[in-house]
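Trainee: Mind having a look at this structure? Questions to follow.
The values are calculated or read from the model by the stated rules, or taken from the named source; none is laboratory data. Keep in mind it's a predicted model, so treat the numbers as computed, not measured. Heads up, the Cβs are rebuilt from the backbone with ideal geometry, glycines too, and the neighbour counts pull from every protein chain shown. Each accessible area value is taken on the protein alone, full model and side chains, heavy atoms only, with ligands, DNA and RNA left out. Shrake-Rupley method; radii C 1.70, N 1.55, O 1.52, S 1.80 Å.
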Amino acid sequence: MTNPSGPTIPEAEFEARRNLLRAAMAREGIGLFIAYSDDRAAFGQQHARYLFNYQPHFEPALTIVPVDGEALIATGPESDQFVLATSFCRRVRVVDVFAHADEEYPHSAIEGMADLLGPLASGGR
């Protein structure tokens, strides 16, 4: 991913940021970091931008970093491909809490938030 009109931060910097976060989590005995991001002023994009260079649009996103294992972004069914195309995140999950109950999403595999977080919280991947 490049932005020819301005400065860029190398992908390795984002991995280094996640590793620094993991080191702090390990020191504090924290097993799972979850941060909310959206395109509004109240919460904003800070966490997703800092850890993956992702700017949420359309749907909110959760940046999830386990102390051990691969970090990911959880978002809605209309943003998973957008995350992959515009950020350094390569693991995206679509979760039910960001999907509209009355809509059908035939091209998305939607999973429950508890199904996603349960294994991560217990040390799984």
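Trainee: Could you give me the residue pairs with C-beta distances under 9 Å whose first residue belongs to the range 1-17 and is of a type in the set (V, I, T), whose second residue is assigned to a loop (DSSP other than H, G, I, E, B) and at pLDDT below 85 wherever it lies, and which are 6+ apart or on separate chains?
Mentor: Within 9 Å, the pairs are T8/M1; T8/T2.
Trainee: Checking A71 against (1) closer than 16 Å to P119 by Cβ; (2) open to solvent by 60 Å² or more (accessible area, probe 1.4 Å): exactly one of these is not met. Which one?
Mentor: (2)
Trainee: Can you give me the number of residues within the range 75-98 that are within 23 Å of I9 (Cα to Cα) and either of a type in the set (A, V, I, L, M) or open to solvent by 10 Å² or more (accessible area, probe 1.4 Å) (or both)? It would help to see each step written out before you state the result.
Mentor: Here is the first cut: in the range 75-98, the ones within 23 Å of I9 (Cα to Cα) are 79-92.
Remaining after also requiring either of a type in the set (A, V, I, L, M) or open to solvent by 10 Å² or more (accessible area, probe 1.4 Å) (or both): 80-86, 88, 90-92.
Matching residues across the range 75-98 total 11.
Trainee: How many residues are over 10 Å from the mean Cα position of the chain (by Cα) and farther than 14 Å from T8 by Cα if we restrict to the range 43-59?
Mentor: Within the range 43-59, residues that are over 10 Å from the mean Cα position of the chain (by Cα) and farther than 14 Å from T8 by Cα number 8.
Trainee: Still on this structure: When you go through P56, P7, P60 one by one, which is the residue that is out of contact with any strand residue (DSSP E or B) (no Cβ under 8 Å at 6 or more places or on another chain), closer than 18 Å to S87 by Cα and not charged (D, E, K, R)? Show your work before the answer.
Mentor: Details: P56 fails: out of contact with any strand residue (DSSP E or B) (no Cβ under 8 Å at 6 or more places or on another chain); P60 fails: out of contact with any strand residue (DSSP E or B) (no Cβ under 8 Å at 6 or more places or on another chain).
Result of the check over P56, P7, P60: P7.
Trainee: Further, regarding this structure: Within the range 27-37, can one find any residue that is farther than 23 Å from A99 by Cβ, of a type outside the set (K, R), buried (at least 16 other Cβ atoms within 10 Å of the Cβ) and touching a Lys or Arg at 6+ places or on another chain (Cβ under 6 Å)?
Mentor: The first filter runs over the range 27-37 and keeps only residues farther than 23 Å from A99 by Cβ, leaving 27-31, 33.
Now restrict to residues that are of a type outside the set (K, R): 28-31, 33.
Checking which are buried (at least 16 other Cβ atoms within 10 Å of the Cβ) leaves us with 33.
So of that shortlist, the ones also touching a Lys or Arg at 6+ places or on another chain (Cβ under 6 Å) come out as none.
Scanning the range 27-37, I find no residue that is farther than 23 Å from A99 by Cβ, of a type outside the set (K, R), buried (at least 16 other Cβ atoms within 10 Å of the Cβ) and touching a Lys or Arg at 6+ places or on another chain (Cβ under 6 Å), so the answer is no.
Trainee: Just name the residue that is surrounded by the fewest Cβ atoms within 10 Å (Cβ to Cβ) out of those in the range 39-53 that are charged (D, E, K, R) and part of a loop (DSSP other than H, G, I, E, B). Outline the logic, then answer.
Mentor: Within the range 39-53, the subset charged (D, E, K, R) is 39-40, 49.
From the residues that got through so far, the ones that are part of a loop (DSSP other than H, G, I, E, B) too are 39-40.
Values: D39: 14, R40: 10.
For the range 39-53, the residue satisfying everything is R40.
Trainee: Counting just the residues of the range 63-73 that are in contact with a helix residue (DSSP H, G or I) (Cβ under 6 Å, 6 or more places away or on another chain) and of a type outside the set (V, I, T), which one comes out nearest to S87 (Cα to Cα)?
Mentor: A71
Trainee: Oh, and also: Give me the pairs: first residue in the range 100-111 and under 12 Å from D80 (Cβ atoms), second residue assigned to a loop (DSSP other than H, G, I, E, B) and at pLDDT 85 or above, beta-carbon distance under 8 Å, and six or more apart or on different chains, which are they?
Mentor: These pairs meet every condition: Y105/P77; Y105/E78; Y105/A99; H107/P77; S108/P77; S108/A99; I110/P77; I110/A99.
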